[in-house]
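Comments concern the structure below.
Since every read-out is calculated from the coordinates, none of them should be taken as a lab result. Quick caveat, the model's predicted, so the values are computed rather than measured. Cβ: placed from backbone, ideal geometry, glycine included. Neighbour counts: every protein chain shown.
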Amino acid sequence: MKQVIVMRSDLKMSRGKIAAQACHGSLGAYKKSDQSKLRKWEQEGEKKVVVKVSSLEELFEVFELVKAADLAHYLVRDAGHTEIPSSTVTCLGIGPDDEEKIDKITQDLKLLK
């Protein structure tokens, strides 16, 4: 079991802003997840991975695959209070769910560093 956050790297957000957006994605997807999957994920140590895409278009490609796979997900749109304009899509939270299901979609994405 794991959760993946797919972050846009083209927005040039500060590390703090990236962390905040990743938290929004994590909690948003968590709230939409099945209770039995949440319990299993929590028992296994709550694995989270943050990967990156280079554009909004690439993020929406992943988003469409996630929806088609019927995975719990949450698309983050920023409120616009600090670094970026209101309604900017920053990241996508996926899962938690079975690693194999998520990896089919995200395995080729690079880790965010």
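Taking the beta-carbon count within 10 Å as an exposure proxy, list VAL4, VAL66, VAL51, VAL89 from fewest neighbours to most.
Values: VAL4 29, VAL66 26, VAL51 20, VAL89 17.
Fewest to most other Cβ atoms nearby, the residues stand as VAL89, VAL51, VAL66, VAL4.
Sorting ASP98, ASP78, ASP70 on the 10 Å Cβ count, fewest up front, what's the list?
Working: ASP98 15, ASP78 21, ASP70 9.
So the ranking, lowest neighbour count to highest, is ASP70, ASP98, ASP78.
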**Complete:** Quick shape check on region 52-113: root eigenvalues a ≥ b ≥ c of the Cα gyration tensor, a/c under 1.5 is rounded, otherwise prolate if a/b tops b/c, else oblate, and it reads prolate
**Request:** Output the direction-averaged projected area (hull surface divided by four) of the convex hull of the alpha-carbon atoms of the chain, in nm².
**Result:** 6.5 nm²
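Trypsin sites (Lys or Arg not before Pro) within region 1-85: which are DSSP loop residues with at most 11 other Cβ atoms inside 10 Å? Please report the intermediate quantities before stating the final value.
Numbers: sites: LYS2, ARG8, LYS12, ARG15, LYS17, LYS31, LYS32, LYS37, ARG39, LYS40, LYS47, LYS48, LYS52, LYS67, ARG77; in loops: LYS12, LYS32, LYS47.
Passing sites in region 1-85 are LYS12.
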**Whole-Hz ³J(HN,Hα) from phi, Karplus 6.51 cos²θ - 1.76 cosθ + 1.60, for region 43-60, glycine and proline x** = 5, 8, x, 6, 4, 10, 9, 10, 10, 10, 10, 9, 7, 4, 4, 5, 4, 5
